[in-house]
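The values are calculated or read from the model by the stated rules, or taken from the named source; none is laboratory data. Everything numeric here is computed off the predicted structure, so don't read it as measured data. Neighbour counts run over all protein chains shown; Cβ positions are idealised from the backbone, glycine included. These area figures cover heavy atoms from the full protein model, side chains too; ligands, DNA and RNA do not enter into them. Shrake-Rupley method; radii C 1.70, N 1.55, O 1.52, S 1.80 Å.
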Amino acid sequence: MLNVKVILIDSGTTNSRLRLYDQTSCKVLDTEKIRIGVRDTAISGSNTNLKAQLKQGLERLLTKNQLIPTDIEYMAASGMITSNLGIYEVPHIPSPAGMSDFAKYAKVTKLEEFLQIPCVFIPGMKNSVQSMNNDKDVTSAINQFDVMRGEEVESFGLLKQFDVKGKGVIVLPGSHTKFVAVDENKDLLNCLSTLGGETLQAIQKETILSDSLDSCLIGNIDQKMLEYGYEAAKQYGLTRTFYHIRLLDLFAELDENQRANYFAGSVIYNDLQALSQSMENTDHIDWMIVGGSNPLRKAFTHLLRYMSNKWRIIEAEDKQVELSVVFGAADILTNYYNLDFTE
């Protein structure tokens, strides 16, 4: 079949992207970016605006490329769009899970806001945890719980682009830092999440540190200041290290970018401590792939190497990060349509 066109929707907390993709040539033909996500639903209490904005974005994408809805074979949607705050909820599947599992439990439907084009909604994943009998059991084991939506697509897409062997971890910094454990068969074992990115933004915007940090935070990577912040958080704790930013502004000849790197280093230290304390047998990790966008991608890559020389740390390039969502979603989509649901 020639020129099979599909649309891949990646919709998260604050932003959404619609990509027109040619499955025959494996090329992205066009992209529509929309500054809306499920945060809008959480604030307003309704997903009406989310639906409207995505529909308008879809219409723009088709119009720009002189297409009509029937020219699109099908669509795939991943991320928070499949949550209860999104457009069409699909339950998380339990870990461990391979690509075929995500395809098997995906749901396909036609929606008015998606112009009646068949859309495959890809589920997220939750860590498998033994059932608990009471609140005490839950609180004592709460660190074993975790969920993700969208990162499973990124993970498979990154794995497709790197020749890695053995067990590893995919590191996806963003609003939430996600660590995704991967086994020798490239199945996803479990995930671990922090509020690293949101912490950086919230502290910068809503505290006294707004006066000591640029609104864009890191302009460029300062490796030494990242390391100083990392070591400060290790020695003095996170909240005291936050106050260091104010003190460095008052008493040191450092610019905003240097202070921002110190700040980021302290938060990343806590993220990496969560990783080392929560994932079993980190000594047996053969590789780590760092995705996500810069400057956090470069900051994590440097501090992972600073933390240990035992791991093979691979930093993805911008193009590989961009294509990770495309390749992951397209492969799950292909798996879905290759499934035999009569078994």
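What the table below lists for this structure:
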| quantity | calculated |
| --- | --- |
| Some residue of the range 278-296 being part of a helix (DSSP H, G or I), open to solvent by 10 Å² or more (accessible area, probe 1.4 Å) and at pLDDT 95 or above | yes |
| Residues satisfying the stated conditions in the range 208-264, i.e. more than 27 Å from Arg305 (Cβ to Cβ) and either within 26 Å of the chain's Cα centre (by Cα) or outside any loop (DSSP other than H, G, I, E, B) (or both) | Ile208, Leu209, Ser210, Asp211, Ser215, Tyr243, Arg246, Leu247, Asp249, Leu250, Phe251 |
| Residue match in the range 70-82 (condition: under 21 Å from Ile332 (Cβ atoms) and assigned to a loop (DSSP other than H, G, I, E, B)) | yes |
| Cross-chain or 6+ apart pairs with Cβ under 7 Å, the range 196-211 first and farther than 21 Å from Leu275 by Cα and in contact (Cβ under 8 Å) with a residue 12 or more places away in the chain, then assigned to a helix (DSSP H, G or I) and of a type in the set (S, T, N, Q) | Gln204/Ser210 |
| Residue count for the range 75-126, restricted to those that are of a type in the set (A, V, I, L, M, F, W, C) and closer than 12 Å to Met148 by Cβ | 6 |
| Number of positions in the range 83-110 that are open to solvent by 20 Å² or more (accessible area, probe 1.4 Å) and assigned to a helix (DSSP H, G or I) | 4 |
| Among the candidates Glu152, Glu113, Glu198, residue that is surrounded by fewer than 16 Cβ atoms within 10 Å (Cβ to Cβ) and part of a helix (DSSP H, G or I) | Glu198 |
| Arg60 being touching a residue at least 24 places away in the same chain (Cβ under 8 Å), open to solvent by 30 Å² or more (accessible area, probe 1.4 Å) and either under 20 Å from Leu111 (Cα atoms) or in contact with a Leu (Cβ under 8 Å, 6 or more places away or on another chain) (or both) | yes |
